[in-house]
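Step one of this worksheet: look at the structure below.
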Amino acid sequence: MKPVYIINGFLESGKTEFISYTLSQPYFQTRGTTLLILCEEGDTEYDEDILKRSRTIAEVVDEEEQMTASNLIELEKKYKPERIIIEYNGMWNFKNLKLPWHWKVEQQITTIDAATFQNYYTNMRSLLAEMIRKSELIIFNRCDGLTDQLSSFKRNVKAVNPQAEIIFEDKDGEVSQIFEEDLPYDLKDEKLDLDDYGYGIFYLDAMDNLDRYLGKTIKFKAMVLKPENSNDEYFVPGRMAMTCCADDMAFLGYACKYDKCSELANKDWVEVTAIVHKEFWKDYNGEGPVLHAVSVEPTKKPKDEILNFS
């Protein structure tokens, strides 16, 4: 079977940039020829050096009538590629694509320009739906200034393809946005009882979306950390976390005001019930989450002391 990778999306959605990036990566410098079939020519051109280094031959097929199984077989005979990448034309209906029987789609990826998504979704929804229906990965790029709309974009895509992995990117890279519908707890509840996973998500989400939690009561199991300069006015309840590997450990916790800090010792395990506030905190170099303890009770340490985010 001949492995095929399909990258689709409307014109100027970032297909060429994505393919160029992939071809330039060390893991793609493999043996054999890659046949890159271009079904449209946008403003961005492929770097000849990247094509040469990745042993890639680009062939333009810019008429939909030419995109037939028999013509594709002729290209295969001509170039004898180990793998095929198809940069598909977003204005062609994807369900009309017929590949040779021995070509196997290994991965399908859709790129979307977030700035124009709403227009395409409103006016060309059927074409867009056919693109994303079988895509394993959907990349929204150029998301700068659109953070408030990303949750809606995600719902639109998930309605068509619930299994798709969706990534949002801006000029700085991937947008680390946690959407409310993805949280492992209900923000409509005034009290959040956080398990280990829930605490990790709360810690990460509160960094960027603190307003979601202001005034809410949270309950979680934590280890005590008493900073040297705390003067028994506050402590930091938190958890050690593995963020990518065993050598990359961090303590995840926010300052917690508590009038009985003197009764606590470092590395005690406690169950904390606290109300989330937003206050200036010197260790944050500005405003941030500050917990006001309602109760701090001794508890047994959990079976898994370390949270794993790898």
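The values are calculated or read from the model by the stated rules, or taken from the named source; none is laboratory data. Everything quoted here is computed from the prediction, not taken from an experiment. Counting neighbours? That spans all protein chains shown, and the Cβs are built from the backbone with ideal geometry, glycine included. Surface areas here come from the heavy atoms of the whole protein model, side chains and all, with no ligands, DNA or RNA. Shrake-Rupley method; radii C 1.70, N 1.55, O 1.52, S 1.80 Å.
Things to note:
- Anisotropy class of the stretch 15-118 from Cα gyration tensor, a/c 1.5 cut: oblate
- Axis angle, to the nearest 10 degrees, between helix 114-123 and the longest C-alpha principal axis of the chain: 60 degrees.
- Taking a straight line from the alpha carbon of Lys134, these aspartates and glutamates sit under 19 Å away, with near neighbours fewer than eight places off in the same chain left out: Glu87, Glu106, Asp113, Glu165.
- Heavy-atom accessible area for Ile166, with the other protein chains in place and a 1.4 Å probe, reaches approximately 30 Å².
- Kirkwood-based shape ratio for the chain, expressed as Rg/Rh from alpha carbons: 1.12
- Accessible heavy-atom area order of Asp113, Asp144, highest first, probe of 1.4 Å: Asp144, Asp113
- Whether the stretch 159-208 is rounded, prolate or oblate, judged on the alpha carbon gyration tensor where a/c under 1.5 counts as rounded: oblate
- For trypsin sites (Lys or Arg not before Pro), the sites in the stretch 106-182 that DSSP calls loop and that have at most 13 other Cβ atoms within 10 Å are Lys171.
- Excluding ligands, DNA and RNA, the accessible surface per residue across the chain is 54 Å² with a 1.4 Å probe.
- 11 Å beta-carbon shell around Leu225, net charge (K/R +1, D/E -1): +1
- Over the stretch 197-247: Rg over Rh, Cα atoms, Kirkwood Rh: 1.01
- Estimated from helical segments only, the mean residue ellipticity of the chain at 222 nm is -7000 deg cm²/dmol, where each DSSP H run of four or more residues counts as -39500 (n - 2.57).
- Listed residues Ile73, Thr273, Ile112: farthest to the positive end of the dipole of the chain (Cβ charges): Ile73
- Low-density loop positions, trypsin sites (Lys or Arg not before Pro), the stretch 17-109 - DSSP coil, at most 15 other Cβ in 10 Å: Arg31, Lys98
- The stretch 80-95 - phi-based ³J(HN,Hα) in whole Hz, Karplus 6.51/-1.76/1.60, Gly and Pro as x: 6, x, 7, 8, 10, 10, 10, 8, 7, 6, x, 8, 8, 5, 5, 5
- The stretch 57-155: radius of gyration and largest Cα-Cα distance (Dmax), Å: 15.9, 49
- Cross-link partners of Lys221 among lysines (Cα-Cα below 30 Å; sequence separation of 8 or more within a chain): Lys188, Lys191, Lys257, Lys260, Lys267, Lys278, Lys282, Lys300, Lys301, Lys303
- Accessible surface of the stretch 1-47 [probe 1.4 Å, protein heavy atoms]: carbon and sulfur percent: 51
- Per-residue SASA entry for Val294, accessible area with 1.4 Å probe, Å² rounded to 10: 90
- Note on surface exposure: Glu106, Glu287, Glu45 rank Glu45, Glu287, Glu106 by accessible area, highest first, 1.4 Å probe.
- Mean separation of Cα contacts under 8 Å (6+ apart) over length of the chain, as relative contact order %: 13
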